[in-house]
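Heads up: the structure comes next, in structure tokens.
Every number in this text was worked out from the coordinates using simple rules, so none of it is lab data. Being a predicted model, the structure only gives us computed values, none of them experimental. Using ideal geometry, Cβ is built from the backbone for each residue, glycine included, and neighbour counts are taken over all protein chains shown.
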Amino acid sequence: MKVNDPKSSIKTRPRKIFKNIFMASLCLFVAILACHFAWLFSGSGRWELLEKKDGIAVYSLKTPGIALKKFKAVMSVQSSLSAAVKIMQDPHFCDSVGCMGSEMIERVDDKLQYYYFKWAMPLFFKTRDFVVKSRFSQDPATKAVLLQITAVPERIPLSSCCFRIVDMNNSWRFIPQGNGDILIEYMVDTDQGGFFPYFLSNMAGSKFMHSVLIKTRAFFQENQDAYRDAKFDFLEEA
């Protein structure tokens with residue numbers, strides 16, 4: 001009759017524990033990888049409504065092959081196109097929706113400016129800083145004004161305070177409605193970088209967009225008188 005050696009059992013126990021941990025970790029890794037690729041290649045490539053409340057509609061767009069969603073929010077406010085452009089050029093507006101330390105670092109003309117600002121991140125992630133180019137244009141047919149905001153990270157030296165954003169292609173569109181109102185479309189296509197998980201950006205996107213437009217509406221309502229007389233040579237009111 002074979003008798004198990006207690007000392008041998010004690011020696012093999014750590015190996016079994018390590019093997020079980022390794023196999024469990026491997027299965028978890030494979031499951032996460034499978035979920036990632038399933039998500040990566042999913043998506044309709046079309047804007048889909050996420051929510052509609054407080055007069056604000058929020059949409060997302062998931063493109064197959066890209067993990068990060070784009071987001072768009074739409075609402076109407078009472079404003080002229082000129083006042084909207086003037087507000088967008090005011091660094092105080094950026095601070096009012098969540099930016100920190102916003103400043104215009106160069107003004108080329110009424111159509112083109114460069115800005116710097118920071119944005120606080122959740123949890124333990126480092127504050128992001130942005131150096132962006134803001135370019136305005138107007139559609140001669142519809143009179144809609146488009147503001148394109150793109151990252152130009154090399155424009156000024158890096159700061160030790162923050163992680164510099166390098167991938168940003170956001171936009172604001174202002175569409176006259178013919179009754180003194182304009183339709184605002186805010187689109188966000190930004191990669192936070194710095195190992196910030198894409199699923200956190202995707203999860204928080206709808207709430208973020210709604211919050212920004214709530215604050216945007218408040219800024220427009222509170223500051224209309226200050227920007228009422230704004231005029232720009234490139235801009236024609238509808």
Checklist outcome for this item: Dividing the mean separation of Cα pairs under 8 Å (6+ apart) by the residue count of segment 43-227 yields a relative contact order in percent of 23
Checklist outcome for this item: Shape call for segment 43-227, from the Cα gyration tensor axes a ≥ b ≥ c (a/c under 1.5 means rounded, otherwise prolate when a/b beats b/c, else oblate), comes out oblate
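Let me spell out the model: positive unit charges on the Cβ of Lys and Arg, negative unit charges on the Cβ of Asp and Glu, origin at the Cα centre of segment 47-144. What dipole size does that give, in debye rounded to 20?
Working: 15 positive and 11 negative charges, 73 e Å.
The dipole magnitude comes to about 360 debye.
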Next on the checklist: My understanding is that a pair violates if its Cα-Cα distance is over 30 Å; which of K19/K70; K207/K231; K126/K231; K143/K215 do that in this structure?
Outcome noted: K19/K70; K207/K231; K126/K231
Checklist outcome for this item: Under a Gaussian network model of the chain whose springs join Cα atoms within less than 10 Å, the largest fluctuation of V30, V152, V131 belongs to V30
Next on the checklist: Charges at C-beta only: +1 for Lys and Arg, -1 for Asp and Glu. How large is the resulting dipole of segment 43-227 about its Cα centre, in Debye rounded to 20?
Outcome noted: 460
Next on the checklist: Test of understanding: in a Gaussian network model of the chain with alpha carbons linked when under 10 Å, which of L112, L200, L28 would top the mean-square fluctuation ranking?
Outcome noted: L28
Checklist outcome for this item: Asserting the computed 222 nm helical MRE of the chain (DSSP H runs at least 4 long, -39500 (n - 2.57) per run, divided by residue count, to nearest 500) equals -11500 deg cm²/dmol
Next on the checklist: I'd like to verify something in the chain: which complete DSSP H helices, judged by Cα projection on the helix axis, reach 18 Å or more and average at least -1.0 on the Kyte-Doolittle scale?
Outcome noted: 6-40, 198-227
Checklist entry - Residue by residue, what Karplus-based ³J(HN,Hα) values in Hz, rounded to whole numbers, does segment 137-154 have, using 6.51, -1.76 and 1.60 with θ = phi - 60° and x for Gly and Pro? => result 8, 10, 6, x, 7, 8, 6, 5, 9, 10, 10, 9, 10, 10, 6, 10, x, 7
